[in-house]
Structures are given as structure tokens and as C-alpha cells.
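Worksheet for the structure shown next.
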Amino acid sequence: MIYPEGTLTRDPNLWPMTAKTGAARIALMTGAPVIPAAQWGPQEVLAPYSKRLRLFPRKTMHVWAGPAVDLDDLRTQPVTAATLREATERIMLAITKILAEQRGETPPAQPLDRRIALQKKADS
């Protein structure tokens, strides 16, 4: 299992952020399928960036998997930054779609860019 963001989300509403390209790179270079998975509930046990576990009362956690992400058209192209970005966006869109369906909410139009979030944190 690979977490494409490489970190906990910094989105205040816990939506997926922009991701790193490692998962896409592995998938394109090896031909491995990408099965998107989303989780919801762990934030109730361990709040983002907290060290305090909240085990009681017991919490419910969910993990959902979706159909394989179609990357076939990209597998025949050279692995470039543009190809990796396109594959990564497809992967994250699939993950976000699963999470939106399960949460019954509409995700933001644009995912939070982790680099911008980190820069804002450093500036404040």
C-alpha cells in the first residue's frame, strides 16, 4: 500500500491533498494496477498531528476500495514529469471520489497543495 500524499493531509476538512508522483511512477514503470483506497475514522482515534490517543468510547473506522485506475493510455508513453502528474491526478481523483461518496459531501474544486500549505505555515 502506498499513500500518495506521503504525509497526513493539511486540509482543514481532511480532504486529500495534491500528491507526490511515486505511486504513479511505480505503476507506470512496472505495469502494476492501482487500486484506489480511502479511509475515514482514524482521525477520531488520533487527531491530525496529535500525540493523544482517544480509544474510548470505541470509534468506527472505514476503508473503501474502488475499481482500478485506468492508466493504460499512459503506460505506452515515456515516463515524463507531465505523464507522472497526469497519472497522479487520476489516482488522487479516484481516491477523492470514493471519500466524497462515503462522506456524502462535495470535495473542494481544487485539492490543497501541500507545498503551499507548508509555505503558509512557515510564513506565519
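The values are calculated or read from the model by the stated rules, or taken from the named source; none is laboratory data. Everything numeric here is computed off the predicted structure, so don't read it as measured data. Please note: Cβ atoms are built from the backbone with ideal geometry, for glycine as well, and neighbour counts cover all protein chains shown.
Odds and ends about this structure:
- Evaluation of Ala47 against (1) surrounded by 15 or more Cβ atoms within 10 Å (Cβ to Cβ); (2) under 17 Å from Thr7 (Cβ atoms) (one fails), failing number: (1)
- Any pair with Cβ under 8 angstrom, 6 or more apart, that starts in segment 10-21 at a residue that is among the basic types (Lys, Arg) and ends at one that is buried (at least 18 other Cβ atoms within 10 Å of the Cβ) and not in a loop (DSSP other than H, G, I, E, B): Arg10/Arg114; Lys20/Thr88
- Pair list, Cβ under 7 Å, 6 or more apart: segment 40-67 residue outside any strand (DSSP E or B), other residue surrounded by fewer than 13 Cβ atoms within 10 Å (Cβ to Cβ) and among the aliphatic types (A, V, I, L, M): Gly41/Met61; Pro42/Met61; Val45/Leu53; Val45/Leu55
- Failed criterion for Lys59 (all others in (1) surrounded by fewer than 13 Cβ atoms within 10 Å (Cβ to Cβ); (2) touching a helix residue (DSSP H, G or I) at 6+ places or on another chain (Cβ under 7 Å); (3) basic (Lys, Arg) hold): (1)
- Qualifying residue in segment 41-56 (condition: acidic (Asp, Glu), out of contact with any helix residue (DSSP H, G or I) (no Cβ under 6 Å at 6 or more places or on another chain) and within 14 Å of Ala23 (Cβ to Cβ)): no
- Scope segment 66-104; condition within 16 Å of the chain's Cα centre (by Cα) and either hydroxyl-bearing (Ser, Thr, Tyr) or surrounded by fewer than 12 Cβ atoms within 10 Å (Cβ to Cβ) (or both); matching residues: Pro67, Thr88, Thr96
- Residue within segment 25-40 that is in contact with a helix residue (DSSP H, G or I) (Cβ under 9 Å, 6 or more places away or on another chain), hydroxyl-bearing (Ser, Thr, Tyr) and at pLDDT 95 or above present: no
- Residues of segment 76-124 satisfying the condition of being free of Cβ contacts under 8 Å to residues at least 24 places away in the same chain, assigned to a helix (DSSP H, G or I) and of a type in the set (S, T, N, Q): Gln119
- Residue list for segment 4-25, filter: under 19 Å from Ala81 (Cα atoms) and surrounded by 14 or more Cβ atoms within 10 Å (Cβ to Cβ): Pro4, Glu5, Met17, Thr18, Ala19, Lys20, Thr21, Gly22, Ala23, Ala24, Arg25
- Of all residues in segment 1-31, those that are in contact with a Gly (Cβ under 8 Å, 6 or more places away or on another chain) and either part of a loop (DSSP other than H, G, I, E, B) or polar (S, T, N, Q) (or both) total 5.
- Qualifying residue in segment 63-77 (condition: at pLDDT below 95, in contact with a Lys or Arg (Cβ under 7 Å, 6 or more places away or on another chain) and at negative phi): no
- Test: Ala47 is within 18 Å of Arg103 (Cα to Cα), small (Gly, Ala, Ser) and either touching a Gly at 6+ places or on another chain (Cβ under 7 Å) or at pLDDT below 95 (or both): yes
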